[in-house]
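Novice: Mind having a look at this structure? Questions to follow.
The values are calculated or read from the model by the stated rules, or taken from the named source; none is laboratory data. Computed from a predicted structure; not experimentally measured. So basically every Cβ, Gly included, is an ideal-geometry build from the backbone, and we count neighbours across all protein chains shown.
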Amino acid sequence: MAADLVVFAGVRDWVFDLDDTLYPPESGLFDAVAARIRAYAARVTGVSAEAAVALQRDYAARYGTTLRGLMEEHGVDPEDFLADVHAVDRSALTPLPALAEALVRLPGRKFILTSGTHAHVGETLSRLGIADRFDGVFDIVDAGYLPKPAEATYAAFLARFAIAPTAAAMFEDAPRNLAVPRALGMRTVLVTGRDAPPPDAAAADFVTADLPAFLADIADALLR
């Protein structure tokens, strides 16, 4: 494994998704967000709770996020949606000192590219004890509400922070969101839950269920 990690040599910018990537999905935080998304969708469309589950899946598949689908098909106000669905209890999140240390040891800048909001990122990173480990955040508002995996969103993010994709790495829990980064020349890492089934990792150079340990291994390989 250590020899394989030398592919990260030359990486100057480290890019991370937030939800279910920087914190373990087992925390249940994004499950709580998803439940609020379904409840919101049911309210604004008038469908049943059961139908809202199917609607969420359909919109996420076709538009990238449920929000985009609700905007396109129901004229939903994105600010109202985002404020509502991120009003969740984050008490299950606890500081991750191993992750904080690993992020410090990685050479270069660190960024977050998320379909959440700056406020959601700030509150979540504070709970994890890593709020001071990042050089920038690009949220769904910055993306003009056009979520990953839209190529335009990656392009806007890379331009905002002057990131050269061939000198960058992307960490994501959604396999489809790694396809564009890989095509651009980024190193790609799929982050899974500890109990997750084997993923479709066609666009991933690496797969890990333990992000702090994986980042520490990269730092060790680069600092030898």
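Novice: Give me the pairs: first residue in region 107-119 and surrounded by 21 or more Cβ atoms within 10 Å (Cβ to Cβ), second residue of a type in the set (S, T, N, Q) and in a loop (DSSP other than H, G, I, E, B), beta-carbon distance under 7 Å, and six or more apart or on different chains, which are they?
Specialist: Close Cβ pairs (under 7 Å, with a partner that is of a type in the set (S, T, N, Q) and in a loop (DSSP other than H, G, I, E, B)) amount to SER115/THR65.
Novice: From the list ALA102, ALA9, ALA60, ALA41, which residue is surrounded by 14 or more Cβ atoms within 10 Å (Cβ to Cβ), assigned by TED's automatic domain parsing to the domain that holds ALA162, small (Gly, Ala, Ser) and in contact with a helix residue (DSSP H, G or I) (Cβ under 7 Å, 6 or more places away or on another chain)?
Specialist: Only one candidate passes the filter, namely ALA102.
Novice: Give THR153, THR66 a once-over and let me know the one that is in contact with a strand residue (DSSP E or B) (Cβ under 9 Å, 6 or more places away or on another chain) and either farther than 25 Å from PRO212 by Cβ or free of Cβ contacts under 8 Å to residues at least 24 places away in the same chain (or both).
Specialist: Checking each option against the conditions leaves just THR153.
Novice: Step by step: first the residues of region 120-173, then only those that are among the acidic types (Asp, Glu) and under 29 Å from ALA61 (Cβ atoms), then the one that is surrounded by the most Cβ atoms within 10 Å (Cβ to Cβ). Which residue is that?
Specialist: By that ranking, first place goes to GLU172.
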